[in-house]
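Read through the structure below, which is laid out as structure tokens, and then see the notes.
The values are calculated or read from the model by the stated rules, or taken from the named source; none is laboratory data. None of the values given here were measured: they were computed from a predicted structure. Virtual Cβ from ideal backbone geometry, glycine too; neighbours counted across all protein chains shown. Each accessible area value is taken on the protein alone, full model and side chains, heavy atoms only, with ligands, DNA and RNA left out. Shrake-Rupley method; radii C 1.70, N 1.55, O 1.52, S 1.80 Å.
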Amino acid sequence: MLYHIAHRLVPYAHGLNVIHYVSFRAIAALLTSLLFSFIFGSWFIEKSKLFFRAKAREWTPETHKVKDDLPTMGGIFIIATVLVTALLWANWDKATVWLFIGALLANGAIGFWDDWYKIRRRKGISARAKFVAQLTVAFVCAVIWLLVDAPSTTVTIPFFKNWNPDLGWFFIAWFVLVMVGTSNAVNLTDGLDGLAMGSLIPNFATFAIVCYLAGHIKLAEYLHIPFADSAEITVLGATLVGASLGFLWYNTYPAQIFMGDVGSLALGSALAFMVLLAKQELLLLIAGGLFVVEALSVIIQVWSYRRWGTRIFRMAPIHHHFELLGWQESKITVRFGIISLILCLLALLTLKIR
């Protein structure tokens, strides 16, 4: 909105030309989403207490019983913040902006469906229904992107930048794997106050930078990474940083509200879409290493129990294992956040390695 208004006024007020710069709009979007969260966050929490109270998750330590009856579905507020900010600062002439917001809303809708069932029926939708819905959304997003924007179907290999295998139509399966895998990994990580947010924020910031670099042809050539025309997604990435920081203000220990599946699935898919647009999917294995470990801990736990009848961890995902070892919840959250920040910095360093 502001972008298009300023674009029309530039001939009469040259100072407004600054709004054409992605860097300016990214910073403005971050501050706008953060301010929006601070202004309306408490109001949303009060309203959520009337409609969105839920029990603590199953298969969690007994200490989590104190979380019963706290409001959930804070992801609705995060998505609303992103939408309002994107309407102000994003360039909606870009097809990728529409696709990004579409993926965010569609995956958020799946999470909303699951959360609503948990509140009203004490049990979410079946794992099968949820998974099929995620696969469908990811598949539709991949097909639309290929047909509308005709992106490159190559994959960038960190440390081997001269080798970029072309997946062709198999890129659709790759897209689905990245989006569904990432959104579920973020969902599994969202088990402690501020844990998922503490890891998402550095990842959003990292891939906002990567999208800017991959969307600037000279910088992309300098770093020997594919030019992906992804600069506009930097604005949305910065919006997610601001919205996540604003939500963390209320979600940090002891949490006043949880984002629920509507938040974790939506934000996980948004992160996945950012790495896919920037053609840096495998870089997420480094930057999002914590999400990978959380998901693997569940897979290993289930496999071990089914194979040998024993558990590798005291409880999975792995953050509950540390809880049962005696670590305080706030300590786990802060330490995991530090690890995520370090991994994100390492991921950025790889961009300079050929």
Check your understanding: List, please: which pairs have Cβ atoms under 9 Å, are six or more places apart or on different chains, and start with a residue in the stretch 235-255 that is in contact (Cβ under 8 Å) with a residue 60 or more places away in the chain and end with one that is surrounded by fewer than 24 Cβ atoms within 10 Å (Cβ to Cβ) and of a type in the set (Lys, Arg)?
Key -> PRO254/LYS67; ALA255/LYS67
Check your understanding: How about the stretch 247-260: which of its residues are at pLDDT 95 or above and crowded, with 24+ Cβ neighbours inside 10 Å?
Key -> PHE247
Point to revise | Filter pass, ILE76 being in contact with a Phe, Trp or Tyr (Cβ under 9 Å, 6 or more places away or on another chain) and either at pLDDT 70 or above or acidic (Asp, Glu) (or both) | key: yes
Exercise for review: Please give the helices (runs of 4 or more DSSP H) falling wholly within the stretch 267-348 in which 2 or more residues are closer than 21 Å to MET179 by Cα and modelled with pLDDT of 95 or more.
Suggested key: 284-287, 289-308
Check your understanding: Taking the condition exposed (fewer than 15 other Cβ atoms within 10 Å of the Cβ), modelled with pLDDT of 95 or more, more than 30 Å from ASP68 (Cβ to Cβ) and not basic (Lys, Arg), does THR136 pass?
Key -> yes
Revision key, fill the gap. How many residues of the stretch 203-222 are part of a helix (DSSP H, G or I) and open to solvent by less than 20 Å² (accessible area, probe 1.4 Å)? The answer is 9
Point to revise | Residue list for the stretch 48-57, restricted to those being open to solvent by less than 90 Å² (accessible area, probe 1.4 Å), at pLDDT 85 or above and not small (Gly, Ala, Ser) | key: LYS49
